[in-house]
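See structure below.
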Amino acid sequence: MKVLVRAALFGATAFAAWGPAAAQDSAWKAGAAKVETTPDASTLSPGDIIRDPLYVRALVIANDKNCAVLVGADLIGISDAVAEQAIAQAAKITGCPQENFVVSATHTHSASGSSRLRAGAGRDAALAIVKAVTMAKAALRPATIGFGTTQVDLNINRDLLRDNRWAQGANPDGPSDKTLAILEALGEDGLPIGVYLNYAMHPINFYMSGVVSADVPGEASRYIERRYGDATVAIFAQGASGDQNPRFTRAQNRLSRVRTGVPGASDMRVLAEGQPSAGVSMADRMAALGSPVPAQRQADYLAAVEDVSQIVAAGGALLGESAIDLMHFGTLARSRQGVIAGAVRQLQCPGRDRLDRDNPVREGAAPPYADGEPVTIRAGMLKIGPVYISAINGEVYSEIGTRLKRSTPSLQLMMTSLANGSANSGYIYSDAARSHLTFQVIGSRLQPGCAEDAIVRSALEMIDELK
């Protein structure tokens with residue numbers, strides 16, 4: 001992985017070692033930076049394509065007493081080891097308390113081409129996070145902080161009951177939070193230093209395609225950065241997206257099938273016979289990713305990549321322009337000073353282990369379980385003036401995020417998932433979804449009836465503590 005550094009440096013600020021001082025109002029400062037982490041082409045599988053660059057982006061917000069750190073990394077996830085190493089080192093360098101960090105993955109499913117999905121890139125990912133945070137801290141300058149929300153209809157629930165069988169599919173009647181929340185840091189020139197976008201949607205458009213891409217999160221970030229220039233860094237954070245897919249997946253499904261050699265995948269007839277992936281196992285499709293696309297499929301493959309690229313670009317533009325429109329014309333709550341404080345809780349819930357590992361069912365049936373080791377969920381709450389960011393280290397279902405918002409209707413609040421490590425749970429499904437026999441729910445190590453209450457209760461406790 002190459003590490004290229006790009007930052008908005010406007011008069012470096014000395015690294016004052018802020019300890020956990022008493023929370024007090026004082027004027028805002030903000031700095032932002034990004035570090036490119038696109039993998040070297042030589043490390044990819046034969047025939048893989050690098051469509052767009054990957055980054056670690058960081059925004060540091062500070063006052064005279066404390067500082068907060070927001071990081072978004074173009075990765076499928078961030079392991080505990082990477083998060084712990086990066087946060088500890090960055091906290092030591094910058095003086096920002098560890099409980100004031102929200103380091104999250106954009107959850108792009110195409111950060112490593114045809115390679116197996118991996119939760120972080122080890123030492124290189126931690127190095128890039130530390131470098132981006134350090135540079136953002138060095139770029140601090142006076143700022144105004146704002147918060148606002150708008151609605152963007154790009155996501156859709158993916159837990160679908162069809163013909164009395166649960167499967168992954170578009171469910172327009174299922175719970176789906178359409179909220180795009182943004183936290184902006186504006187410089188004295190009125191231009192954004194940093195923008196923190198929070199939206200719930202799985203970036204799966206280039207999954208199983210051999211394409212390296214930051215997907216819609218990267219498109220949205222780059223759209224904003226292009227509009228305002230090199231001085232602006234836009235960070236994408238996943239909301240409660242455990243059960244949220246992109247609304248449009250036809251092109252993605254076709255691309256992955258063309259890439260993995262599913263017969264009939266290039267058939268574009270509206271009324272085509274049979275199922276495009278019938279008779280081809282997931283294991284065979286994954287194995288096909290280890291070989292280049294054969295010459296006879298190359299034209300179809302590149303055309304399918306272009307189809308998906310157009311959808312990804314459109315989605316990123318809609319999210320990016322929605323954020324820009326909100327900043328320019330929306331009713332944002334803005335402040336010039338405020339308190340920064342953070343809190344962390346370690347939540348424990350009963351765990352379970354599947355007993356069908358030799359022949360696991362993917363979905364549509366309930367596997368046998370045995371009691372397993374407890375699941376530990378890291379729940380954080382970061383207060384930046386009137387804005388609260390709930391940080392959970394797992395893939396949270398939409399209903400959990402919306403329940404927390406309903407419990408705090410007067411607060412400026414967002415939930416960032418896949419943050420500060422990776423819970424040993426798998427998906428964190430809602431109480432209402434406990435009977436859904438989808439791969440997310442039956443694959444989760446969580447026993448029903450604990451996680452949702454624990455997350456919401458601990459969040460409310462931390463909010464009261466930080467007020």
| note | Restricting to Cα pairs under 8 Å and 6 or more apart, the percent relative contact order of the chain works out to 18
| field | Stokes-Einstein D in µm²/s, Kirkwood radius over Cα pairs - the chain at 20 °C with 1.002 mPa s viscosity | value | 95
| request: Considering the options 127, 390, 280, tell which one lies farthest towards the positive end of the dipole of the chain, charges being +1 on Lys and Arg and -1 on Asp and Glu at the Cβ, about the Cα centre. | output: 127
| field | Furthest towards positive pole of dipole, 75, 93, 150, structure part segment 26-156, Cβ charges | value | 93
| query | Put +1 on the Cβ of each Lys and Arg and -1 on the Cβ of each Asp and Glu in segment 179-296; which of 179, 208, 232 then has its Cα farthest toward the positive end of the dipole? | reply | 208
| Cα-only Debye scattering, segment 261-350: base-10 log of I(q)/I(0) at q = 0.23, 0.25, 0.26 Å⁻¹ | -1.27, -1.30, -1.31
| By what distance, in whole Å, do the Cα atoms of segment 350-467 stretch along each of the three principal axes, largest value first? | 51, 22, 19
| request: Name the aspartates and glutamates eligible as straight-distance cross-link partners of residue 137: C-alpha to C-alpha under 18 Å, and not fewer than 8 places from it in the same chain. | output: 36, 64, 99, 184, 188, 230
| task | Could you calculate, for segment 171-298, the ratio of the Cα radius of gyration to the Kirkwood radius, expressed as Rg to Rh? | result | 1.09
| Packing-based order for 176-185, 71-80, using average beta carbon neighbours within 10 Å, highest first | 71-80, 176-185
| note | Ranking 328, 107 from most to least accessible area with a 1.4 Å probe gives 328, 107
| field | Total charge dipole magnitude, segment 164-303, about the Cα centre, Cβ charges on Lys, Arg, Asp, Glu only, Debye to nearest 20 | value | 640
| note | To the nearest 10 degrees, the tilt of helix 123-138 (Cα long axis) against the first principal axis of the alpha carbons of the chain is 30
| Which entries in 65/178; 29/467; 34/92 show an alpha-carbon gap greater than 30 Å? | 65/178
| field | Taking the C-alpha atoms of segment 322-405, convex hull volume expressed per residue in Å³ | value | 160
| Magnitude of the Cβ-charge dipole of the chain, K/R +1 and D/E -1, about the Cα centre, nearest 20 debye? | 460
| said: What translational diffusion coefficient, to the nearest whole µm²/s, does segment 196-238 have by Stokes-Einstein, given a Kirkwood radius computed over alpha-carbon pairs, a temperature of 4 °C and 1.567 mPa s viscosity? | reply: 115
| query | Per-residue ellipticity at 222 nm for the chain, helices alone: DSSP H runs ≥ 4 residues times -39500 (n - 2.57), over residue total, nearest 500 deg cm²/dmol? | reply | -9000 deg cm²/dmol
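The values are calculated or read from the model by the stated rules, or taken from the named source; none is laboratory data. Computed from a predicted structure; not experimentally measured. Cβ sites come from the backbone with ideal geometry, for glycine too, and all protein chains shown count toward neighbours. Quick note on the areas: whole protein, heavy atoms, side chains included, nothing else; ligands and nucleic acids left out. Shrake-Rupley method; radii C 1.70, N 1.55, O 1.52, S 1.80 Å.
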